[in-house]
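*Asks:* First the structure, then my questions, so here it is.
The values are calculated or read from the model by the stated rules, or taken from the named source; none is laboratory data. All values derive from a computational prediction rather than experimental measurement. Note that each Cβ is placed from the backbone with ideal geometry, even for glycine, and that neighbours are counted across all protein chains shown.
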Protein chains: 2
Amino acid sequence: MYGQFCPVSKAMEVLDERWTMLVVREMLLGSTRFNELRRGVPRMSPALLSKRLASLERAGVVRREGAGVRTSYHLTQAGEELGPIVDALGVWGMRWASELGDQDLDPHLLFWDMRRTTPVEKWPRERRTTVAFELDDVPPKVARWWLVVSGGETDVCDFDPGFEVDARVLTGLRPLTHVWRSDWSWPSALRKGVVRIEAPTELRRALPDMIGHSNVAELMQNA
Amino acid sequence: MYGQFCPVSKAMEVLDERWTMLVVREMLLGSTRFNELRRGVPRMSPALLSKRLASLERAGVVRREGAGVRTSYHLTQAGEELGPIVDALGVWGMRWASELGDQDLDPHLLFWDMRRTTPVEKWPRERRTTVAFELDDVPPKVARWWLVVSGGETDVCDFDPGFEVDARVLTGLRPLTHVWRSDWSWPSALRKGVVRIEAPTELRRALPDMIGHSNVAELMQNA
DNA sequence: CTGTATCCATGGCGATACTG
DNA sequence: CAGTATCGCCATGGATACAG
């Protein structure tokens, strides 16, 4: 492909195809099923995802388990060892490619990402807690979201689940994305009013910690 | 491009295009001029290299200096910070993508790589030393190479420079590449006879160290 | 030496629909 | 749920020539 013996080029032959690293990222984050992976790369066509999974399997990065209706995908040792590289790419991206166009904002991805890393141990243990988000800078169809934590499980809905709402977060997709990425801190976002929380005082104060940050934001702090 | 706010995807928007990482690798290794870069990515067309350099400049990874006949390219801070990622990709490639097809072997690249990392301090200081390489598994046109170290400078020729030859290395492109990458150790290669050195005893024993290893091989040892 | 210009073929990939 | 099938465009990028 590149015609070079250099191991960097051999690595990039496997990894530089469009979408490939994002699929690996999804698997590092724990996705194993086809449609689970699709949620992490929604703009990728299923045909292409299938093709990439096959490539990665051939390259020894992914192992396919089961077949037909119960197929799952797992990283091999080679795949797991891409973890530090993906992390480093994330840190580099935060530092040097942090300008987000409107095209980069996607509420489905944002809440899907929030769902999987919600620190449930910071939420009330014994009762269900529902937080409603209202985004003022997107079409009405995708403006309302509900985050429900109950029994140590997190759910996200883009429709009203009908539960009593414990807190409302009034903001926009862009501010919420920046806060989630830790481009903006919660305090400054609240101070500027680009994010507003309506809830009883205690919950209002605790909510930023309960929502947390994207895992790349965590990496930045440790670096 | 990917439509994701995730910094990994933003990073890959800059880095996942074909050849891009190899251009960055060349710059990390010190190349600054257009034709110098070309030697490191000989299968890349000049038009495409030009295009990639422009992209990297737009992305803030590369800074162009001068213009016209004396242009040079330098990594910015963002570019330098790709160093650890490229290193990690190299280590990963050594571990998990080390099978080399015949297409991956290239004597020009091999000797160009050897030239730039030759540990000249291990070579005789006061006199010129010439090592002739003869490869038995490639067309005659690219089978003979000369490595000349003189006055702390290394030169590589694909034609007979006419100097007295101090050592001859008889091998093939594939074995030499594997030894250079440290896939095979010098001692085992010599023992198996896939590499032969003809030289006075002292030089014969010292030559492996004088030639050294690819810089990725060094990284592997430190990991 | 440092690129640009041009051309063309290939196939990557996006979109959509459909199937076991 | 887990993919395949099909289609068609357009952009990528390989090759070559040439220009300042």
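*Asks:* Does A:Leu173 fit the bill of being of a type outside the set (Val, Ile, Thr), surrounded by 13 or more Cβ atoms within 10 Å (Cβ to Cβ), modelled with pLDDT of 95 or more and over 18 Å from the mean Cα position of the chain (by Cα)?
*Replies:* The answer is no for A:Leu173.
*Asks:* Within the stretch B:16-38, can you find the residues that are among the aliphatic types (A, V, I, L, M) and away from DNA strand D (no atom under 16 Å from the Cβ)?
*Replies:* B:Met27, B:Leu28, B:Leu29
*Asks:* Being of a type in the set (Asp, Glu) and modelled with pLDDT under 95 is the requirement here; does A:Glu218 meet it?
*Replies:* yes
*Asks:* Restricting attention to the stretch B:7-39, report how many residues are within 7 Å of another protein chain (Cβ to nearest Cβ) and away from DNA strand C (no atom under 13 Å from the Cβ).
*Replies:* Here the count works out to 8.
*Asks:* Of all residues in the stretch A:66-85, which are within 15 Å of DNA strand C (Cβ to nearest atom) and touching a Ser or Thr at 6+ places or on another chain (Cβ under 7 Å)?
*Replies:* Matches in the stretch A:66-85: A:Gly66, A:Ser72.
*Asks:* Six or more apart or on different chains, Cβ atoms under 8 Å: show the pairs whose first residue is in the stretch B:206-223 and outside the structural domain of B:Arg181 (by TED's automatic domain parsing) and charged (D, E, K, R) and whose second is surrounded by 20 or more Cβ atoms within 10 Å (Cβ to Cβ) and in a helix (DSSP H, G or I).
*Replies:* Close Cβ pairs satisfying both conditions: none exist.
*Asks:* Continuing with this model, one more query. For the stretch B:171-185, give me each residue that is within 14 Å of B:Gly101 (Cα to Cα) and hydroxyl-bearing (Ser, Thr, Tyr).
*Replies:* Selection gives B:Thr177 alone.
*Asks:* Looking at (1) assigned to a loop (DSSP other than H, G, I, E, B); (2) in the same structural domain as B:Ala11 (by TED's automatic domain parsing), which one does B:Arg125 not meet, given that it meets all the others?
*Replies:* (2)
*Asks:* Now for a separate question. Among the residues in the stretch B:96-116, are any surrounded by fewer than 20 Cβ atoms within 10 Å (Cβ to Cβ), within 30 Å of B:Ala206 (Cβ to Cβ), more than 12 Å from every other protein chain (Cβ to nearest Cβ) and not hydrophobic (A, V, I, L, M, F, W, C)?
*Replies:* Looking through the stretch B:96-116, at least one residue is surrounded by fewer than 20 Cβ atoms within 10 Å (Cβ to Cβ), within 30 Å of B:Ala206 (Cβ to Cβ), more than 12 Å from every other protein chain (Cβ to nearest Cβ) and not hydrophobic (A, V, I, L, M, F, W, C).
*Asks:* Let me confirm something: among A:Gly90, A:Gly66, A:Gly60, A:Gly83, which residue is on the phi > 0 side of the Ramachandran plot, small (Gly, Ala, Ser) and modelled with pLDDT of 95 or more?
*Replies:* So the residue among A:Gly90, A:Gly66, A:Gly60, A:Gly83 that is on the phi > 0 side of the Ramachandran plot, small (Gly, Ala, Ser) and modelled with pLDDT of 95 or more is A:Gly60.
*Asks:* Quick one: A:Pro139 ticks every box in (1) over 21 Å from A:Pro42 (Cα atoms); (2) surrounded by fewer than 17 Cβ atoms within 10 Å (Cβ to Cβ); (3) without any contact (Cβ under 8 Å) to a residue 40 or more places away in the chain except a single one, so which number is it?
*Replies:* Unmet condition: (1).
*Asks:* Please state which one of A:Pro107, A:Pro84, A:Pro7, A:Pro46 is near DNA strand D (Cβ under 10 Å from one of its atoms) and touching a helix residue (DSSP H, G or I) at 6+ places or on another chain (Cβ under 7 Å).
*Replies:* Answer to the selection: A:Pro46.
*Asks:* How many of the residues making up the stretch A:173-184 are outside any helix (DSSP H, G or I) and charged (D, E, K, R)? Please lay out each step first, then the result.
*Replies:* Filtering the stretch A:173-184 down to residues outside any helix (DSSP H, G or I) leaves A:182-184.
Subset that is charged (D, E, K, R): A:183.
The qualifying residues number 1.
*Asks:* A follow-up question, please. Quick test of your reading of the structure: A:Glu65 fulfils all but one of (1) more than 9 Å from chain B (Cβ to nearest Cβ); (2) touching a helix residue (DSSP H, G or I) at 6+ places or on another chain (Cβ under 9 Å). Name the failing condition by number.
*Replies:* For A:Glu65, the exception is condition (2).
*Asks:* Please go through the stretch B:33-81 and give me each residue that is touching a strand residue (DSSP E or B) at 6+ places or on another chain (Cβ under 8 Å) and among the hydrophobic types (A, V, I, L, M, F, W, C), ordered by number.
*Replies:* Initial filter on the stretch B:33-81 (touching a strand residue (DSSP E or B) at 6+ places or on another chain (Cβ under 8 Å)): B:33-34, B:37, B:53, B:56-57, B:61-66, B:71-76, B:79.
Listed by number, the residues that qualify are B:Phe34, B:Leu37, B:Leu53, B:Leu56, B:Val61, B:Val62, B:Leu75.
*Asks:* State whether one or more residues within the stretch B:176-183 are more than 22 Å from B:Val91 (Cβ to Cβ) and surrounded by 14 or more Cβ atoms within 10 Å (Cβ to Cβ). Full working, then the answer.
*Replies:* In the first step, residues of the stretch B:176-183 are kept if they are more than 22 Å from B:Val91 (Cβ to Cβ); the result is none.
No, that holds for no residue.
*Asks:* How many residues are in contact with a helix residue (DSSP H, G or I) (Cβ under 6 Å, 6 or more places away or on another chain), away from chain A (no Cβ under 14 Å) and in a helix (DSSP H, G or I) if we restrict to the stretch B:185-223?
*Replies:* 5
*Asks:* Now a separate question. Scanning for something in contact with a Pro (Cβ under 6 Å, 6 or more places away or on another chain), under 22 Å from A:Phe5 (Cα atoms) and in contact (Cβ under 8 Å) with a residue 24 or more places away in the chain, does the stretch B:157-169 turn up at least one residue?
*Replies:* Scanning the stretch B:157-169 turns up no residue that is in contact with a Pro (Cβ under 6 Å, 6 or more places away or on another chain), under 22 Å from A:Phe5 (Cα atoms) and in contact (Cβ under 8 Å) with a residue 24 or more places away in the chain.
*Asks:* Filtering the stretch A:49-65 down to residues that are away from DNA strand C (no atom under 13 Å from the Cβ) and basic (Lys, Arg), which residue is surrounded by the fewest Cβ atoms within 10 Å (Cβ to Cβ)?
*Replies:* Filtering the stretch A:49-65 for residues that are away from DNA strand C (no atom under 13 Å from the Cβ) and basic (Lys, Arg), the one surrounded by the fewest Cβ atoms within 10 Å (Cβ to Cβ) comes out as A:Arg58.
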